[in-house]
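Written below as structure tokens is the structure these notes are about.
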Amino acid sequence: MHLGFDIGGTTARWAAFDDAWNRVAEGSERIRDRRAPDDLQAAVVEMTREAVEGSDTDLESVGIGLAAHLNRSGTVVRNSPNLGWRDEPFGAALDEVLSNVFETPPSVRLFNDVTAGLAGERQVGAVQGVDDILAVYVGTGVGGAVVSGGDLQFGAGGNAGEIGHSKVEAGGRICGCGERGCVEAYAGGIHLERRVGGLVESDEVDGLESNASLSEADGLADEVEALDGIWRRATDALAIVVANACTLLDPAVLLLGGGVIEHCPTFRGRLARKIPSQVLEVVREDLEIRRPTLGDRAGPLGAALLAHHGVDGHSD
Ligand SMILES: [Zn+2]
């Protein structure tokens, strides 16, 4: 049996697969109040026990996708603004705990959540069979992942694809990662929510309640000047970063996903319109923009696949 997790800021989802990659069980857990490393570890152990309950096959591997910068071997979370962690050996600690729970201990490995999502979409989703892909997911933050020549790219340190931390303004806005001027600090969902919240507080927008969602604000972005300005700046900055990455990588498919892309059609439409014209013509001609099709199921599947196959495509 193979187990995959997708750990977000508020919810952890898991799915278990048999050797033919049929989903044999799945579940989810609210973790908003369990984000300290020890608490989250306990939650993952509980979910792992639940996943294997009643199964008579050994748990071979556990893959965990989370929004984080990781070390090369996928054992340490170097920086996760979502979870508020720095240099947490979460994978290594979990590996140790699970080795005491199971007679035959599973291998445990951490992956960036967008990398895991892309692996899932490539297996059975929107980009099945595509060998050159740039994935950009706009959710709380802005994440990315790259498949080049048929292989997921991890880079020398394991952090290839971190497009959200491309700089768009020297010394600009402070980002969740601690650095300044990252595009995520202009176009990430948490940034957009803060800006919208500021407008509502200062009574600049009629028709928006104080608890308005991002998708409600998105519905007014074409009409309300102040919102239009925030949306314009965010999509301008993100479009040029994504277009430049396309020019650099020459992908066949640009996969645009994440909560903001899914729930904010005005934002998505503006972004998708602004990107192609800024991509080098010879790259643009064959570039296709797609959206993910597996929803919440891509992350656990991808994390499980990657943990089983190893990052270089070889089973370990
Ligand atoms: Zn950053």
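Residue-level check: of (1) within 24 Å of ILE190 (Cβ to Cβ); (2) modelled with pLDDT under 95; (3) of a type in the set (Gly, Ala, Ser), SER73 misses just (1). For region 167-185, which positions are out of contact with any Lys or Arg (no Cβ under 8 Å at 6 or more places or on another chain), part of a loop (DSSP other than H, G, I, E, B), near the ligand (Cβ under 9 Å from one of its atoms) and closer than 20 Å to THR235 by Cα? Across region 167-185, the qualifying residues are CYS175, GLY176. If we keep just the residues of region 127-165 that are within 9 Å of the ligand (Cβ to nearest atom) and assigned to a loop (DSSP other than H, G, I, E, B), which is farthest from ASP87 (Cα to Cα)? Checked region 127-165; the qualifying residue farthest from ASP87 (Cα to Cα) is GLY141. Taken over region 103-126, the criterion of being crowded, with 24+ Cβ neighbours inside 10 Å, outside any strand (DSSP E or B) and hydrophobic (A, V, I, L, M, F, W, C) is satisfied by VAL114, ALA116, LEU118, ALA119. In this structure, VAL196 does not satisfy being more than 15 Å from the ligand (Cβ to nearest atom), part of a loop (DSSP other than H, G, I, E, B), within 15 Å of THR266 (Cβ to Cβ) and not small (Gly, Ala, Ser). The condition of being in a helix (DSSP H, G or I) and closer than 25 Å to ALA68 by Cα does not hold for ARG232. From the list ASP87, ASP56, the one residue that fits, being assigned to a loop (DSSP other than H, G, I, E, B) and either within 30 Å of LEU256 (Cβ to Cβ) or acidic (Asp, Glu) (or both), is ASP56.
Of the helices (runs of 4 or more DSSP H) lying entirely inside region 257-311, those carrying at least 2 residues that are small (Gly, Ala, Ser), assigned by TED's automatic domain parsing to the domain that holds GLY74 and in contact with a strand residue (DSSP E or B) (Cβ under 8 Å, 6 or more places away or on another chain) are 298-309. Kindly check whether there is at least one residue in region 166-175 that is surrounded by fewer than 21 Cβ atoms within 10 Å (Cβ to Cβ), closer than 28 Å to ALA252 by Cα and charged (D, E, K, R). Among the residues of region 166-175, at least one is surrounded by fewer than 21 Cβ atoms within 10 Å (Cβ to Cβ), closer than 28 Å to ALA252 by Cα and charged (D, E, K, R), which makes the answer yes.
Give the residues of region 193-226 that are among the basic types (Lys, Arg) and either over 22 Å from GLY259 (Cα atoms) or touching a residue at least 24 places away in the same chain (Cβ under 8 Å) (or both), sorted by residue number. Of everything in region 193-226, just one residue is among the basic types (Lys, Arg) and either over 22 Å from GLY259 (Cα atoms) or touching a residue at least 24 places away in the same chain (Cβ under 8 Å) (or both), namely ARG195.
The values are calculated or read from the model by the stated rules, or taken from the named source; none is laboratory data. Source: prediction; values computed, not measured. With ideal geometry, Cβ positions are generated from the backbone for all residues, glycine too; neighbour counts draw on all protein chains shown.
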